[in-house]
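Report on the structure given below.
The values are calculated or read from the model by the stated rules, or taken from the named source; none is laboratory data. This is a predicted model, so every value here is computed, not measured. A quick note on method: Cβ atoms are made from the backbone with ideal geometry, for glycine too, and the neighbour counts reach across all protein chains shown.
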Amino acid sequence: MIASERLLAVPHAVNLRELGGYPAQNGQQIRWRKVLRSGTLFDLTPADGQLLVDYGVIKVIDLRSDSETTAMPDRLPHQIAFQQAAVYPFTDQPSPWAKLARRIKAKFVVPYDLMLETYLKMLTDSHAIAAFRAVFAALLANTQPDQAVLFHCMAGKDRTGMAALMIEGALGVPEDILREDYLLTNLVLARQNAVTNDELRHGGSALVNEMNRYQAETTNYQAVHDLVQRRFGSWREYVEKAVGLSRQDLADLDRLYLEDQR
């Protein structure tokens, strides 16, 4: 079950959630107040920003592209550092793993092939991978207790969902929890008001607007899982061999973000 405290009470944030408390490898769990995921931070008020500061957020990684950040910039207090690490646009033509991706896509019959294609490209495109590598770099630099890194995109669903899968997978979160956290976005966004939902579909990028017409889909999760398993065997192997984390980086990630279960 998803813990109720996973959703942060910041009134004008979208899909703002804790990764803390999820079970991980070696009987441990992800530390609380160390890593957060979110949708747009455009509507934050000064009071909202202060809530983030009080919670321990010291850095925000924005996975959105230039058109999105121009149209709807983050509204953050000066105490929180900001870094853009755009996942889009993709740059590899074709994808270096295009053949494997085509075989995986052939398993699924879906009416919105754009989403499936985009998810697989996020795993394989060099520009996207560089953005996710920047997220891990920020996490590894976050060495003080009770200080958090927050990463986000527009809805906190696709690019943010992929980053969360990489982080949680690298820390050994079980597959059923990976899937549950990915799909939790649907429940959270269903509670957002109509203005917010309309806002998410007009965020300054045609690709993002189209992607945000749809929910987080089990099909997308399964395709991503299949590619990682077939090509690498595990998420931990993926972040080492594809994203470029070293064995020491992974050991440091464990040390900084895992704790004994409470």
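Here is a yes/no grid of residues against (1) at pLDDT 90 or above; (2) surrounded by 14 or more Cβ atoms within 10 Å (Cβ to Cβ); (3) not basic (Lys, Arg):
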position: 93; (1), (2), (3): no, no, yes
position: 99; (1), (2), (3): no, no, no
position: 112; (1), (2), (3): no, yes, yes
position: 116; (1), (2), (3): no, yes, yes
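Got a sec? Which of 60, 10, 14 is β-branched (Val, Ile, Thr) and more than 29 Å from residue 228 (Cβ to Cβ)? One residue alone meets the criteria, 10. Residues of region 37-60 that are within 10 Å of residue 153 (Cβ to Cβ) and either out of contact with any Leu (no Cβ under 6 Å at 6 or more places or on another chain) or surrounded by fewer than 16 Cβ atoms within 10 Å (Cβ to Cβ) (or both): 37, 39, 40.
Among the conditions (1) crowded, with 22+ Cβ neighbours inside 10 Å; (2) of a type in the set (A, V, I, L, M, F, W, C); (3) in contact with a Gly (Cβ under 8 Å, 6 or more places away or on another chain); (4) at pLDDT 95 or above, the only one that residue 13 does not satisfy is (4). So which pairs qualify, if the first residue must be in region 5-22 and within 13 Å of residue 56 (Cβ to Cβ) and among the acidic types (Asp, Glu), the second must be modelled with pLDDT of 90 or more and in a loop (DSSP other than H, G, I, E, B), the Cβ gap must be under 7 Å, and the two must be at least 6 apart or on different chains? Once the first residue is within 13 Å of residue 56 (Cβ to Cβ) and among the acidic types (Asp, Glu) and sits in region 5-22, its partners that are modelled with pLDDT of 90 or more and in a loop (DSSP other than H, G, I, E, B) give 18/8; 18/32.
With respect to the conditions (1) buried (at least 22 other Cβ atoms within 10 Å of the Cβ); (2) in contact with a Phe, Trp or Tyr (Cβ under 7 Å, 6 or more places away or on another chain), residue 21 falls short on a single one, namely (1).
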